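This report concerns only the one structure given below.
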Amino acid sequence: MAKDTTLTGVERTFDDDEIIVSKTDLKGHLTYANNVFLRLADMTEKEALGAPHSVIRNPNMPRAVFKLLWDTIQEGKEIFAYVVNRSKNGDHYWVLAHVTPSYDGSGNIVGYHSNRRVPDRRIVDDIISPLYKDLLAEENKHANRKEGMDASVNMLVNLLKEKGVGYDEFILTL
């Protein structure tokens, strides 16, 4: 999927009883994608397998949230996060993602597994979207992408400190 795909502003949806499932290797390349993933991403299995999971990254998704996600799963912990993804044609879709490490028989992390469900629309509209807009604005204030991401991470960490909660508690109590 081209990184310069224009966003259409059209939101795709999926049913409450559907689950988007994908698996990746340690580098984040897709090793499995179920039919719901393929349908929403508007991809064939051939296009998806081997591609970086970031192929569905929406530019309206703050990099700070992905940094937190990757830091967490690489430590062997699970994480829940609201994510806006992009379809191949530029449509978007919101999910509540649950991402976990996958282990081999010796306890080594060998990849990652993600299940995504339909998110609570009120939470997306009233809390997550405004938060993500603020995080993105902070990221975009900086000419250097890494400095922007670091500033956005600090903004998120400070918000969590103000609320007196960790990220998981923040997400799961919305």
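The values are calculated or read from the model by the stated rules, or taken from the named source; none is laboratory data. These numbers come from a predicted model, not from an experiment. Using ideal geometry, Cβ is built from the backbone for each residue, glycine included, and neighbour counts are taken over all protein chains shown.
A Cβ distance below 9 Å, combined with a sequence gap of six or more or placement on separate chains, defines the contacts here; from the stretch 97-124, residues that are surrounded by 12 or more Cβ atoms within 10 Å (Cβ to Cβ) reach residues that are of a type in the set (Ser, Thr, Tyr) and assigned to a loop (DSSP other than H, G, I, E, B) in the pairs Val118/Thr13. If Ala81 satisfies every condition in (1) touching a residue at least 40 places away in the same chain (Cβ under 8 Å); (2) in contact with a His (Cβ under 7 Å, 6 or more places away or on another chain); (3) among the small types (Gly, Ala, Ser) but one, which is the exception? Checking Ala81 against (1) touching a residue at least 40 places away in the same chain (Cβ under 8 Å); (2) in contact with a His (Cβ under 7 Å, 6 or more places away or on another chain); (3) among the small types (Gly, Ala, Ser), the one that fails is (2). Of the residues screened, Arg63 is not one that is of a type in the set (D, E, K, R), within 26 Å of Lys133 (Cα to Cα), surrounded by fewer than 20 Cβ atoms within 10 Å (Cβ to Cβ) and touching a Leu at 6+ places or on another chain (Cβ under 7 Å).
Just one of Tyr93, Tyr103 is within 22 Å of Leu131 (Cβ to Cβ), out of contact with any Cys (no Cβ under 9 Å at 6 or more places or on another chain) and hydroxyl-bearing (Ser, Thr, Tyr); which is it?
Details: Tyr103 fails: within 22 Å of Leu131 (Cβ to Cβ).
When all the criteria are applied, what remains is Tyr93.
Against the conditions (1) surrounded by fewer than 17 Cβ atoms within 10 Å (Cβ to Cβ); (2) at pLDDT below 95; (3) under 28 Å from Arg12 (Cα atoms), Arg145 satisfies every one except (3). Restricting the stretch 27-59 to residues that are part of a loop (DSSP other than H, G, I, E, B) and under 16 Å from the mean Cα position of the chain (by Cα) leaves a set whose member that is surrounded by the fewest Cβ atoms within 10 Å (Cβ to Cβ) is Lys27.
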